[in-house]
Amino acid sequence: MAVLEFDDRSGYPDVHLGEGAARVLRSCLRERGWVEVIDGHAARVEGRIVTEASEAVRVGASLKAGFVVYGAVTGFALRSEVRNVLGTRQKQTWAECTVEVRMVDVTSWHVVATQSARGVVEAGSLPPRREYEDAVEGRFLRAAMEKLVPGLTAALR
């Protein structure tokens, strides 16, 4: 299975979430031990990220993969709320991430799985700006990706 870089349609400034999303999904799949995951990071069609099944099949064939996973980060937001708890103001921050994925069988050209997942994680205090991407990959994207793995691995059976 090849997991390609995701399209970043989140609109979140200063952080490219597509590469991180693919990296986190590869990690989640490897942790489950279901499949051998091929890094499709460098695989692009004419210099752009794969967004169509036919493109994914061509890339998958060139990587000698049986299945190709591609997708998009369609939303990312940080939300904060200040509450008055026992006379003390407390600030809580949440990160919310939405991803969509498709898995294509390279041999048959059929889309065998289409999924969307939303992950919400309490962020606590935010890291310094230069560390956003690591924090996003490590905590926020994982919350969404973990929801996708069972459906993807089930489609392989």
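Annotation: of all residues in the stretch 99-157 being at pLDDT below 85 and of a type in the set (Ser, Thr, Tyr), the one that is surrounded by the fewest Cβ atoms within 10 Å (Cβ to Cβ) is SER125. Scanning the stretch 83-97 for residues that are within 17 Å of GLU122 (Cβ to Cβ) and either surrounded by 10 or more Cβ atoms within 10 Å (Cβ to Cβ) or among the hydroxyl-bearing types (Ser, Thr, Tyr) (or both) yields GLN90, LYS91, GLN92, THR93, TRP94, ALA95, GLU96, CYS97.
Taking (1) part of a strand (DSSP E or B); (2) at pLDDT below 85; (3) within 19 Å of LEU156 (Cα to Cα); (4) of a type in the set (D, E, K, R) in turn, LYS91 satisfies each apart from (3).
The values are calculated or read from the model by the stated rules, or taken from the named source; none is laboratory data. For clarity, every value in this text was computed on a predicted model and none was experimentally measured. Cβ atoms come from the backbone with ideal geometry, glycine included; neighbour counts cover every protein chain shown.
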